[in-house]
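Quick notes on the structure that follows.
Just so you know, all these numbers are worked out from the coordinates, no wet-lab data involved. Please read these numbers as outputs of a predicted model, since none were measured by experiment. Please note: Cβ atoms are built from the backbone with ideal geometry, for glycine as well, and neighbour counts cover all protein chains shown.
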Amino acid sequence: MAEQLENHGKSVEEKRELTCIGCPLGCPLTVELSGGTPVRVMGNTCKKGEEYAIKEVTNPERILTSIVRVTGGSGAVISVKTTAGVPKGCIPQCMKEIHACTVKAPVRIGDILIKNIAGTSADVAATRAME
Amino acid sequence: MRKAELVIIGGGPAGMAAAVSARQNGIENIVILERDHVLGGILNQCIHNGFGLHTFQEELTGPEYADRYEQKVKELEIEYQLETMVTDISEGTDQKASDLLPGVRCIHVSAVNRTYGFFQIETKAVILAMGCRERPRGALNIPGYRPAGIYSAGTAQRLINVMGYMPGKRVVILGSGDIGLIMARRMTLEGAKVLAVAELMPYSGGLKRNIVQCLEDYDIPLLLSHTVVNIRGKERVEGITLAKVDEKGRPLPGTQIEYECDTLLLSCGLLPENELSKTAGVALQQITGGPAVNDRLETSIPGMFACGNVLHVHDLVDYVSEEASLAGKYAACYIQKAKEEPVEDGTKAKERAAEDGTEAKEEPAKDGTELEAAVTDDTELQIQPENGVRYTVPCSISPDKMADQVVVRFRVGGVYQDRYISVYLGEQRLLHAKRRILTPGKMEQVILKKSFFQSVKPDEAIRIDLEEE
């Protein structure tokens, strides 16, 4: 990741505080940013911390999991997940689309229930089957 | 009476992995008995991702992880009975009735379901895989009224993720275990306002990843060293009062914070569900609340094995599957050994049993003293947890019978930085491994090799502790 920090020395315009999730140590990280790009990571005690911090300030993504309403099935809802990480900022919009969605049973595990959710290019897939 | 070689109690991750492994190790006649109407156990309601990184090298959700094992169970044509409640497990006494397994001990499993009503299965071996339950409000000494709107976190999880009901709109969560953290995020995503997560201890029992991704991502405050001191509302929760606590967990006057809310979730620990084991006479470990097992994951009753959260509460399902696979394998070994080397010739044993009404010889007695004597004959080394190590699973190993390597898992009693995990046999140090950090929320492990125990004195014990250097 050293090459990603070649901006080191540029004027620091912003500082972000994070907690590393690499291990239970949970190092408090400080990331210095210049023009939106990280120039320095502090507080980490291993390589994982630096990698996490850079990913987290440049493009934080999360796999989103939730439920979708089902009609005509053995249950009322079915569990779903996004097939790829979605940008953190898009999560509220993704949830709106998930809440607005109703599918008909039967559903098989892996069925795509929503395509290109919130324009993120990730799909929403069923994580269980329902008759 | 119906006969089986192996009965597995519980069709969750532990039960399914144990069944698959037992079948792969040559056991034909296996029955899984499951209380719910589907296999998969608690994984069905754990719709979040993060399961399977060790087992499948990919990140799955709970239902997907369960499905992988369910498919294996089906491919291997392992029998399972759903909506079946096991009511009793006891050691068999009627040796004459045992045609399948002449001359050897058996176990009777009693169960009830809608198809067969009450029925019994006579089996050679049992694997306990019943999982665990949440600590309920009644065990927490929370003052206040008893209105609607107080749920254990797992109950709320089931209501939302499986049944599609939303239990409340404004929520306070007591306890920062992983289920509580996961539910803080789930309820937020489903439109509720989670006001705070309070934790009695000065540290969280949950994984760091969950604190960041479930609380910090959604700006939900985590109040350490805080607890609920009052619940307001008679019919429905109307408000919760939190207060800071001192180092002994006593609320400090003047630190109360009031929250207007309609729901309180409790995520205050899990308890292995061992009512059946207790009735059967299985010896339990006081700290885990699970059976005391040896390195073959066999309980104090021969032929009765345990794995998964009924044994001790795990933080990763991957470890449950690994442990359960071992239990399945050892149960298979036990059954095969009994087939190959019956205690004595089957017919003779039957005659003998008929004559004197006793069980075949070398039957470990139910009486504690004789059992202990039998154990000493086989040289079982006890593992003593000390100095920060709260318990170990297994709690004994047999240098003769043990596999080349045995994984010993344990939890520590507090947060420790820069400590060594040390393993001793008598005065001799076998292992000395540094850890940057140890927390109660994370299960630790050491690997004991058979080669460590080539010359052991019978009265020696293994000691596992934490050391500063």
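How do B:F305, B:F410 line up, fewest other C-beta atoms within 10 Å first?
Ordered from fewest to most neighbouring Cβ atoms within 10 Å, B:F305, B:F410 come out as B:F410, B:F305.
Among B:S176, B:Q213, B:G149, whose Cα sits farthest toward the positive end of the charge dipole of region B:136-268 (+1 at Cβ of Lys/Arg, -1 at Cβ of Asp/Glu, about the Cα centre)?
B:G149
Which FRET efficiency, nearest 0.05, do B:R232 and B:R133 yield, Cβ-Cβ r, R0 41 Å?
E between B:R232 and B:R133, to the nearest 0.05, is 0.90.
Tell me which of B:V456, B:L195, B:C46 sits at the most positive position along the dipole axis of chain B, charges placed on C-beta atoms (Lys, Arg +1; Asp, Glu -1).
In chain B, that residue is B:L195.
Run the reach check for B:K442 against lysines, Cα to Cα strictly under 21 Å, same-chain hits fewer than 8 apart removed. What comes back?
Partners found: A:K48, B:K208, B:K434.
Taking H placed 1.01 Å from N in the peptide plane, check which residues at least 5 places from B:F305 or on another chain put their amide H under 5 Å from its amide H.
Distant-sequence amide H within range of B:F305: B:V126, B:I127, B:L128, B:T299.
If I model a spin label at B:D246 and A:T102 as a point 7 Å from the Cα along the Cα→Cβ vector, what separation in nanometres do I get?
5.8 nm
Please report the relative contact order for chain B, taking Cα pairs under 8 Å with a sequence separation of at least 6, and give it as a percent rounded to a whole number.
For chain B, the relative contact order is 15 percent.
Just the projected area, averaged over all directions, of the convex hull on the alpha carbon atoms of region A:24-86: how many nm²?
Its average projected convex-hull area is 6.7 nm².
Which whole-Hz ³J(HN,Hα) couplings does region A:120-131 yield from phi under the Karplus relation 6.51 cos²θ - 1.76 cosθ + 1.60, θ = phi - 60°, glycine and proline marked x?
3J(HN,Hα) across region A:120-131, in whole Hz: 8, 6, 8, 9, 10, 10, 5, 9, 8, 9, 8, 7.
Between exposed trypsin sites (Lys or Arg not before Pro) in chain B, where DSSP calls loop and at most 10 other Cβ atoms lie within 10 Å, what's the longest gap?
B:115-233
Excluding residues on the same chain fewer than 8 positions from B:K339, give the lysines whose Cα lies under 20 Å from its Cα.
Partners found: B:K3, B:K96, B:K124, B:K329, B:K348, B:K350, B:K361, B:K401.
What angle, in degrees between 0 and 90 and rounded to the nearest 10, separates the Cα long axis of helix B:178-189 from the longest principal axis of the Cα atoms of chain B?
Computed tilt is about 50 degrees.
Using the Cα atoms as the points, what is the convex hull volume per residue of the protein assembly as shown in Å³?
For the protein assembly as shown, the hull spanned by Cα atoms encloses 184 Å³ per residue.
Tell me the Kirkwood hydrodynamic radius of region A:65-126 in angstroms, computed as one over the mean inverse distance between distinct C-alpha pairs.
This gives a value of 11.6 Å.
List every residue whose amide H lies under 5 Å from the amide H of B:C106, counting only residues 5 or more places away in sequence or on a different chain, with H placed 1.01 Å from N in the peptide plane.
Residues meeting the criterion, in which the H sits 1.01 Å from N, are B:G92.
What shape does region B:23-91 take by its C-alpha gyration tensor, where a ≥ b ≥ c are the square roots of the eigenvalues and a/c under 1.5 counts as rounded, a/b above b/c as prolate, and the rest as oblate?
Oblate shape, in that a/c is at least 1.5 and b/c is the bigger or equal ratio.
How much of the DSSP beta bridge set in region B:1-122 is antiparallel, as a percent to the nearest 5?
The antiparallel fraction comes to roughly 60 percent.
Tell me the Kirkwood radius of chain B: reciprocal of the mean inverse pair distance over distinct alpha-carbon atoms, in Å.
After inverting the pairwise mean of 1/r, the radius is 23.9 Å.
Students often forget the sequence filter, so: which lysines lie under 18 Å Cα-Cα from B:K193 once same-chain residues fewer than 8 apart are removed?
Filter leaves A:K96, B:K169.
List every residue whose amide H lies under 5 Å from the amide H of B:E238, counting only residues 5 or more places away in sequence or on a different chain, with H placed 1.01 Å from N in the peptide plane.
Sorted by chain and number, the residues that satisfy this are B:R232, B:G233.
Taking only the alpha carbons of region B:411-469, what extent do you get along each of the three principal axes, in Å, biggest first?
Sorted from largest, the Cα extents of region B:411-469 read 35, 21, 18 Å.
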